Amino acid sequence: MNQSGVPEIPASPAPHDIAELLARETLPTGELNWWLAVFATCNGGLLAIEQGDESARDWAEVYLDALDKARQTGGIGLPETLWRKILVVQMMVHYDGASAGDRVRDPERVFAEFLEDVGVSRESVLAEYREVMATAKNGGLAKLRADPALLRRIEWLTGVRRAAGGLCGIAGHISDPDMREQARLWCAASAALA
């Protein structure tokens, strides 16, 4: 722990070091930078898959755990965790192939979780985007600065856009044809949310 009571991330950690850190009963809730450092550490470990490093799977597991813990503790919200979760699975599927029931390699599972997390239809997201953009355009920067709720909506839409864009890399690996088509439609919608 450092002086502010925030757990220190070990230098050159292994996946089990981060897993032990995440297993603590108390984790930072208002420390955005700490959670981003954990994510960056996990992301760096996950990139080892490009060199064929076997630890990449362990890094993927701990990264998904970190994303879940960050949301559970309120350390980081849905907009920042949603797209990262898809990125982890996308990378594992790209290098190791899809595998139903495997938390880090199941594109159908991560897409179902995406739908659950978003909680509304693609059409509703697109309608909200048009409404938010019209509000922001009419009020300009002054409106954005004065309206925290509008900023939260923009943050949420940005997270959904980034996650939907990540679906482009896994949609083709979804075996169920209806689900695969829905993932492709979300992928296409990501361009409309830009």
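The values are calculated or read from the model by the stated rules, or taken from the named source; none is laboratory data. None of these values were measured; they are calculated from a predicted model. Quick reminder, even Gly has a Cβ in these numbers, built from the backbone with ideal geometry, and neighbours come from all protein chains shown. Accessible surface areas use protein heavy atoms only, side chains included; no ligands, DNA or RNA. Shrake-Rupley method; radii C 1.70, N 1.55, O 1.52, S 1.80 Å.
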Normalising by the residue count of the chain, find the relative contact order in percent from Cα pairs under 8 Å and 6+ residues apart.
-> 17 percent
In square angstrom, what is the accessible area per residue of the range 131-194 with a 1.4 angstrom probe?
-> 55 Å²
Additional length obtainable on full extension of the chain from THR135 to TYR95, 0.36 nm per residue less Cα span = 10.2 nm
Please identify the cysteines of the chain that lack any partner cysteine with a Cβ under 4.7 Å from their own Cβ.
-> CYS42
Taking Cα centroids, how far is the range 45-98 from the range 145-194 in Å?
-> 18 Å
Using 0.36 nm per residue of separation minus the Cα-Cα distance, give me the extension gain between ALA194 and ALA142 in nm, one decimal.
-> 16.6 nm
Neighbourhood charge, 13 Å Cβ-Cβ cut-off, centred on GLU20 and excluding it, Lys, Arg +1 and Asp, Glu -1 = -3
Cβ charges +1 (Lys, Arg) and -1 (Asp, Glu), total dipole of the chain, debye | 980 debye
What is the sum of charges around GLY139, taking Lys and Arg as +1, Asp and Glu as -1, for the other residues whose C-beta is under 10 Å from the C-beta of GLY139?
-> +2
